[in-house]
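First up is the structure itself, then whatever we jot down about it.
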Amino acid sequence: MLTRLVPHPLLSLTLVLVWLGLVNTFTLGNLILGTLFGLIIPMVTAAYWPNRPRLARPFKIIEYVLVVLWDIIVANVQVAMIILFRREPDIRSHWIPIPLDLKSAEAITVLAGTITMTPGTVSAMLAADGGAILVHCLHTDDPDSVRDEIKSRYERRLKEIFP
Amino acid sequence: MDVAAELLISVFLVISGIFGFVGSYGLVKLKNTVQRLHAPTKATTLGVGGVLLASIIFFYVDTGHVSVHELLISLFLFLTAPITANFIAKAYLARNTPQDELPPSDRDFGWSIYDDPPDGEADR
């Protein structure tokens, strides 16, 4: 009964929180309205996500978010330094293919987004079977170490979150 | 408003101004499209983030309420910015880059804009 009423608890919770954030004032009326959205929207859209991933170890998500936020700050400074102080011919960009151990589409999406937001790397596309990701690195002398860092820093954590 | 708060707000505004500027300057300085992608996707996350932090502090000091709108703005930015960058990169590659300029994918299947997905997985 409860699983039919709330087929996707995490989505419901997110909707309630986003609604409360949008109205920006916490009142009982807004909470009820938000809860209503949180119940109706997952029911109506249930057909669009037939096999959603299960999240294991929610605390790992917090750790992941903190690691990524820190990396974004570092990335901003690094990229700014490259843009400001490196002469254009000295910028050595590389295409780096990274083999993926992640299987679920959601996990790969999160990884691709993370790569784009962090140190001098942009994810460009996947292999046709989703088994590798092509990353563009703005400036590096050692493409292999960039690959290993992405695999050990982000992919390893994502594997624990999306089993 | 006391001086400490004003100082903190100013620091965040200046930081975001610097990174916003560097992001735009990167667009002018870097020479190819994929390199140019790096400048706005990164320099602007901190650029926008700085303004949002300053805004949160300002409204907290000014009205005493914590405003959540800024957090939502950054959440939506984090969801949309990588997707835009990905689309631009893919469109650029499809139009301008022959397959042999990219490293091989080291798999049975090549990169997705040149190669079809395995049977039955197209709608996964």
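A short reminder: the numbers here are calculations on the coordinates, not readings from a lab. Note that this is a predicted model, so its numbers are computed, not measured. With ideal geometry, Cβ positions are generated from the backbone for all residues, glycine too; neighbour counts draw on all protein chains shown.
Points to keep in mind about this one:
- With the charge dipole of the protein assembly as shown set up from +1 on Lys and Arg Cβ and -1 on Asp and Glu Cβ about the Cα centre, the Cα lying farthest toward the positive end among the listed residues A:VAL77, B:ASN32, A:TRP19 is that of A:TRP19.
- Placing +1 on the Cβ of every Lys and Arg and -1 on the Cβ of every Asp and Glu, with nothing else charged, gives chain B a dipole about its Cα centre of roughly 520 debye.
- Expected 222 nm ellipticity per residue - DSSP helices of 4 or more, -39500 (n - 2.57), all of chain A, to 500: -18000 deg cm²/dmol
- You can think of it this way: the chain between A:LYS60 and A:ASP90 has 6.9 nm of extra reach, that is 0.36 nm per residue less the Cα-Cα gap.
- Choice from A:GLY21, A:GLY34, A:GLY131 showing the highest fluctuation, given a GNM over chain A with Cα pairs closer than 10 Å: A:GLY21
- Size-normalised alpha-carbon gyration radius of the stretch A:19-118, reference 2.2 N^0.38 Å: 1.60
- Computed from Cα positions, the angle between helix A:9-23 and the longest principal axis of chain A comes to roughly 90 degrees.
- Listed residues A:LEU15, A:LEU69, A:LEU111, most fluctuating in chain A (Gaussian network, C-alpha, under 10 Å): A:LEU15
- Excluding same-chain neighbours fewer than eight residues apart, the lysines reachable from A:LYS151 by a Cα-Cα span under 21 Å are A:LYS60, A:LYS103, A:LYS159, B:LYS42.
- Each residue of the stretch B:72-79 is assigned a 3J(HN,Hα), and the resulting list reads 5, 4, 5, 4, 5, 4, 5, 6 Hz, derived from the Karplus form 6.51 cos²θ - 1.76 cosθ + 1.60 (θ = phi - 60°), x at Gly and Pro.
- Scanning chain A for trypsin sites (Lys or Arg not before Pro) that sit in a DSSP loop and have at most 14 other Cβ atoms within 10 Å, the longest stretch containing none of them is A:104-163.
- Environment charge of A:SER145, counting only residues whose C-beta is closer than 13 Å and scoring Lys/Arg +1, Asp/Glu -1: -2
- In a fully extended conformation the segment linking A:GLU149 and A:LEU17 would gain 44.2 nm over its present Cα-Cα distance, using 0.36 nm per residue.
- Top of A:ALA132, A:ALA47, A:ALA112 by mean-square fluctuation, Gaussian network on chain A, Cα under 10 Å: A:ALA47
- Prolate/oblate/rounded label for the stretch A:63-163 (Cα gyration tensor, a/c 1.5): oblate
- For the stretch B:69-98, the residues whose amide N sits under 12 Å from a probe point set 7 Å from the Cα of A:THR109 along the beta carbon direction are B:79-80, B:83.
- Alpha-carbon geometry of the stretch B:37-84: the Rg and the Dmax are 12.3, 39 Å, given in that order.
- Rounded D (µm²/s) - chain B, Kirkwood Rh over Cα pairs, Stokes-Einstein at 25 °C, 0.890 mPa s: 139
- Rounded if a/c under 1.5, otherwise prolate or oblate - the stretch A:62-112, Cα gyration tensor axes: oblate
- Under a 5 Å amide H cut-off, with hydrogens placed 1.01 Å from N, A:ALA128 pairs with B:GLY110, B:TRP111, B:SER112 among residues at least 5 apart or on other chains.
- The modelled label-to-label distance between A:MET81 and A:ILE41, using points 7 Å beyond Cα along the C-beta direction, is 4.1 nm.
- Gyration tensor (Cα) of the protein assembly as shown, equivalent ellipsoid semi-axes in angstrom: 33, 30, 15
- For chain A, the longest principal axis of the C-alpha atoms and the axis of helix A:58-85 are separated by about 40°.
- Globularity index of the stretch B:51-124, i.e. its alpha-carbon radius of gyration over 2.2 N^0.38 Å: 1.87
- Loop trypsin sites (Lys or Arg not before Pro), the stretch B:26-96, which have at most 11 other Cβ atoms in a 10 Å radius of their Cβ (DSSP): B:LYS31
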